[in-house]
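Structure first, commentary second.
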Amino acid sequence: MEIRADIHLTRSAGFILDMNITVQPNGITALFGPSGSGKSTLLRLLAGLERGTVQDRIRITSDDTVWQDETTFVPPEKRGIGFVFQQQQLFPHLNVQENLLFALNRQHTQNDLDADQVYEWLNLMPLLDKNVNQLSGGEAQRVAIARVLLNGARCILLDEPLGSIDTASRSRILPYLDRLHRNLQIPMVYVSHSYEEISYLADYLFVLEDGKIKSKGSLLELSSTLELNSTEGDSAAAVIQCRVSRHDPTYRLSELDFEGAKIFVNAENYQVDDSVRLRIPARDVSIATSQPVNSSILNILEVEVVSFEESPGPSILVRLRRNNQFILARITRKSLNILNIQPGQKVYAQIKSVALLMESTSE
Amino acid sequence: MVTSYPGKRIDNDVIDPDLVSLTITLKLAGVTTFILFLVGTPLAWWLARTRHIAGFFIEPLVALPIVLPPTVLGFYLLILFSPNSGFGKAWTSITGNTLAFTFEGLVIGSVIYSLPFYVQPLQVAFESVKQDLLDAAATLGAGPYDRFFNIVVPLCRRGFVVAGTLAFAHTVGEFGIVLMIGGNIPGETRVLSIALFDHVETLQYGRAHLMAAGLLVFSFVLLLAVYTLNRGRPGQPRRLSLGG
């Protein structure tokens, strides 16, 4: 299912949502932005939970079906979408199993999803007989996600699904979402203000600000742009995707393949051939113009300089590329001049620390 | 030839008039509550959910019988029921009867008089159902009626019981409006409160005591049940249901 939305909506408080967005028919599209940027409103418009007023200009289509325009409005129950709310909205008069049955009895489409498979993915077996108010936030959210899957949704919209869950449970539930993402062909739209969640999960990214789309593109590419990171200061970072090639139990390190180069990191919890995402903080990356020798730094990558910040400050961000992926380095402007770094130049990036996304909180 | 049965001296065709009044009262309260269930439920739902400007006027209109002297309401109903009014004329041409001083007239009066006692508690219950929960049901494929009957009604069971009980009890306690539009016709419109008034007028204090105490205990037990029900914590399994 591909959803297109062309929206011009004015709210009473002077807030204007003005954007044109296409949800990719596969993968996870993330809507990222501060609160008040309009991301939740956009999601609710896509679901049909809000419809604007007669003055608003809204056109939403799904494949060849018009969901909303001047004359048409398809109510949410007929859109075949699933919606995961921040507060899980499980029905309190039904137990877990009955909540799931509610969804099963009203399936939008017959999908080939096996209920047992869903139970297993989301580890629901121990929860089935429980009352919904006995569940922890993370458990309730797993039930809410299962409810949407069993309902045969052809697209899943998630509105800050981890927003009401404590940090420890978050890192436990994200792998569940990631697993669904890998196993299902259902597109998802994921709204969050947590960049970490988004960099862990998303394939595509829309950055929203004041009701407008500030930037959009593939997550891996967008996450390393200077524009997006220049205001981040010390937390500027790039996200890269690697594949686990082998584990080295002697040093408890795993060797990852990053665009043909090796990166060593502790990734014991993953299996060989798993794809993992790493966050590389710009402040932990330094640049050398010749290959460093006898260094304690393990991860040294041959990269190409793409661009750097034009800023009068003492330190600047440099964007580096290896094949199709990018990393960022924060160096002093003085170093830039001494090394005479130019776009297109081959340099060596020395990475002092890398972190597996969402791993830090689970241990 | 059978003429009389010694030892069974109660006349077969004259039942205790107070029992007749009791039957009429219960019938009136039952019919009124049932009509309110049909009419008041959608009204309460509409009031709980609407943002329409009309809601601002309908809501106090529904509450009016709480503050209005029953005689005011009774007076206007009497005028409405008169064969000179359009409504009264229409009713007479359809049924062949007038409404004033009939049981049907009492039912109409009671429905209006007890409306707020049914609508208000139910409206409060409906308002407590979170919109997000209904949104979730909608995205799961449940249409408006499905949402109402499978989410709202089970979540508001307690509200229905409270509303029905209050409407019933309030109709049982009706006096002024009955006097205005129903008169005091034995077997037709003489309800308990009127019968009690009669007993006092005719100085039959023994009967008056019995009836007053009966009504007192009945009302107290009903209210006790309602408050007990209300005190239960939300989310707890309900203790009473609306008769299945």
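Just so it is clear, none of the values below were taken in a lab; they were calculated from the coordinates. Here the structure is a predicted model, which means the values were calculated and not measured. Ideal geometry is used to build each Cβ from the backbone, glycine not excepted, and the neighbour counts take in all protein chains shown.
Calculate, in nm to one decimal, what A:D114 and A:S335 gain on full extension: separation in residues at 0.36 nm each, minus their alpha carbon distance. Kindly include the intermediate steps, with their values, before the conclusion.
On the way: separation 221, 0.36 × 221 = 79.56 nm, distance 5.78 nm.
73.8 nm is the gain from fully extending A:D114 to A:S335.
Indicate the helices, whole DSSP H runs only, in chain B that combine a mean Kyte-Doolittle hydropathy of 0.0 or more with a Cα extent along their long axis of 24 angstrom or more. Present the calculation step by step, with values, prior to reporting the outcome.
On the way: long enough: B:17-49 (46 Å, 1.24); B:103-127 (34 Å, 1.01); B:205-231 (38 Å, 1.23).
Helices meeting the span and hydropathy rule in chain B are B:17-49, B:103-127, B:205-231.
Please report Rg over Rh for the protein assembly as shown, where both radii come from the alpha carbon positions and Rh follows the Kirkwood definition. Don't skip to the answer; put the middle values down first.
Working: Rg = 35.7 Å, Rh = 29.9 Å.
Radius of gyration relative to Kirkwood radius: 1.19.
With the Cα gyration tensor of the range B:26-167 in hand, convert its eigenvalues to equivalent ellipsoid semi-axes via √(5λ) and list them largest first in whole Å. List each step's numbers first, then the result.
Numbers: eigenvalues 221, 47, 44 Å².
Taking √(5λ) for each Cα gyration eigenvalue gives 33, 15, 15 Å.
Report, as an integer, the average count of C-beta atoms from other chains found within 10 Å of each Cβ along A:73-80. Mind dumping the intermediate values first?
Working: counts 0, 0, 3, 9, 10, 3, 3, 2.
Per-residue shielding by partner chains comes out at 4.
Across the Cα atoms of the range A:1-73, what radius of gyration and what greatest pairwise Cα-Cα distance (Dmax) are found, in Å?
Considering the range A:1-73 through its Cα atoms, Rg and Dmax are 12.1, 35 Å.
Evaluate E = 1/(1 + (r/R0)^6) for A:D69 and A:N269, where r is the Cβ-Cβ distance and R0 equals 51 Å; express this FRET efficiency to the nearest 0.05. Before the final figure, lay out the partial values.
Working: r = 48 Å, r/R0 = 0.94.
That gives a FRET efficiency of 0.60.
What's the average, rounded to a whole number, of partner chain beta-carbon atoms within 10 Å of each residue's beta-carbon in B:128-138? Please report the intermediate quantities before stating the final value.
Details: counts 0, 0, 3, 2, 7, 6, 2, 9, 17, 7, 9.
Partner Cβ neighbours, averaged per residue: 6.
Each residue of the range A:123-128 in turn: what ³J(HN,Hα) in whole Hz from Karplus with 6.51, -1.76, 1.60 and θ = phi - 60°, glycine and Pro shown as x?
These are the phi-based 3J(HN,Hα) values: 6, 9, 3, x, 9, 3 Hz.
Long-range amide H contacts for A:N266: which residues qualify at under 5 Å (H placed 1.01 Å from N, peptide plane, sequence gap of 5 or more or a different chain)?
Those qualifying (amide H under 5 Å, at least 5 residues apart or on another chain) are A:S254.
Using only the alpha-carbon atoms of the range A:87-241, report the extent along each of the three principal axes, biggest first, to the nearest angstrom.
Rounded to whole Å, the extents work out to 50, 31, 30 Å.
Determine the shape class of the range A:244-292: with a ≥ b ≥ c the square roots of the Cα gyration tensor eigenvalues, call it rounded for a/c under 1.5, and otherwise prolate if a/b is greater than b/c, oblate otherwise. Please report the intermediate quantities before stating the final value.
Working: a/c = 1.97, a/b = 1.78, b/c = 1.11.
Note, shape of the range A:244-292 comes out prolate.
Roughly what % of DSSP beta bridges within the protein assembly as shown run antiparallel, to the nearest 5?
Details: 66 of 83 bridges.
For the protein assembly as shown, the DSSP antiparallel bridge percentage is about 80.
Starting at the first residue of the range A:315-320, write each ³J(HN,Hα) from the Karplus equation 6.51 cos²θ - 1.76 cosθ + 1.60 with θ = phi - 60°, in whole Hz, x for Gly and Pro.
Calculated HN-Hα couplings, in order: 10, 9, 9, 10, 9, 10 Hz.
Compute the distance in nm between two label points, each set 7 Å from the Cα along the Cα-to-Cβ direction, one at A:D129 and one at B:E59.
Rounded to a tenth, the inter-label distance reads 4.6 nm.
Determine the distance separating the Cα centre of the range A:201-246 from the Cα centre of the range A:251-267; give it in Å without decimals.
Measuring centre to centre over Cα atoms gives 22 Å.
Given Cα pairs under 8 Å that are at least 6 residues apart, what percent is the relative contact order of the range A:1-95? All intermediate terms of the calculation are to be shown ahead of the outcome.
Working: 111 pairs, mean separation 26.1, N = 95.
Relative contact order, the range A:1-95: 27 percent.
Quick one: go through the range A:12-35 and flag any residue whose amide nitrogen is under 13 Å from the point 7 Å out along the Cα-to-Cβ line of A:K212.
A:16-20
For peptide A:84-93, compute the average count of partner chain beta-carbon atoms within 10 Å of each residue's beta-carbon. Please report the intermediate quantities before stating the final value.
Details: counts 2, 5, 1, 4, 2, 10, 2, 8, 7, 10.
Partner-chain Cβ atoms within 10 Å, mean over residues of A:84-93: 5.
Need the list of lysines near B:K130 for cross-linking: C-alpha distance under 24 angstrom, and skip anything on the same chain fewer than eight residues off.
A:K39, A:K78, A:K130
What residue among B:R157, B:R51, B:R190 has the largest mean-square fluctuation in a Gaussian network model of chain B, using Cα springs under 10 Å?
Comparing B:R157, B:R51, B:R190 in a Gaussian network model of chain B, the most mobile one is B:R51.
Would you work out if chain A is rounded, prolate or oblate? Take a ≥ b ≥ c from the square roots of the eigenvalues of the alpha-carbon gyration tensor; rounded if a/c is under 1.5, else prolate when a/b is larger than b/c, oblate otherwise. Kindly include the intermediate steps, with their values, before the conclusion.
Working: a/c = 2.46, a/b = 1.48, b/c = 1.66.
The shape class here is oblate.
Can you sort B:T165, A:T71 from fewest to most other Cβ atoms within 10 Å of each residue's own Cβ? Don't skip to the end; give the middle numbers.
Working: B:T165 21, A:T71 6.
Neighbour counts put them in this order, fewest first: A:T71, B:T165.
Given a cut-off of under 8 Å on Cα pairs at least six residues apart, what relative contact order in percent is computed for the range B:40-178?
Relative contact order comes out at 33 percent.
Taking square-rooted eigenvalues a ≥ b ≥ c of the alpha carbon gyration tensor, is the range A:294-342 rounded, prolate or oblate, where a/c under 1.5 means rounded and, failing that, a/b exceeding b/c means prolate? Intermediate results must be reported in sequence, preceding the final value.
Numbers: a/c = 2.11, a/b = 1.32, b/c = 1.59.
Oblate is the answer for the range A:294-342, as a/c is 1.5 or above yet b/c matches or exceeds a/b.
Just B:D18, B:D198, B:D132 to compare: in a GNM of chain B, with alpha carbon springs under 10 Å, which one fluctuates most?
Taking springs between Cα atoms under 10 Å, the residue moving most is B:D132.
Taking only Cα atoms of the range A:21-153, what ratio of Rg to Rh do you get with Rh as the Kirkwood inverse-distance radius? Before the final figure, lay out the partial values.
Details: Rg = 16.4 Å, Rh = 16.5 Å.
We get a ratio of 1.00 for the range A:21-153.
Treating the Cα atoms of the range B:95-244 as identical point scatterers in vacuum, please give the log10 of the normalised Debye intensity I(q)/I(0) at q = 0.10, 0.11 Å⁻¹, two decimals.
Computed log10 I(q)/I(0) values: -0.51, -0.60.
What is the helix-to-structure angle for A:137-150, meaning the angle in degrees between its Cα long axis and the longest Cα principal axis of chain A, kept from 0 to 90 and rounded to the nearest 10?
70
Multiply the residue gap between B:R49 and B:S93 by 0.36 nm, knock off their C-alpha separation, and tell me the result in nm, one decimal place. If you can, show how the numbers build up before the last one.
Values: separation 44, 0.36 × 44 = 15.84 nm, distance 3.84 nm.
Gain in length upon complete extension: 12.0 nm.
Choose one answer from A:K352, A:K212, A:K130: the residue with the largest mean-square fluctuation in a GNM of chain A with alpha-carbon springs under 10 Å.
A:K130
Can you tell me the order of B:34-41, B:113-120 when each peptide is scored by its average per-residue count of other Cβ atoms within 10 angstrom, highest first? Can you show the working numbers first?
Values: B:34-41: 17.8, B:113-120: 25.2.
Answer by packing, highest mean first, reads B:113-120, B:34-41.
Percentage of Cα-Cα pair distances in the range B:14-74 greater than 13 Å, rounded to whole percent?
Numbers: 1348 of 1830 pairs.
The proportion of pairs with Cα distances above 13 Å equals 74 percent.
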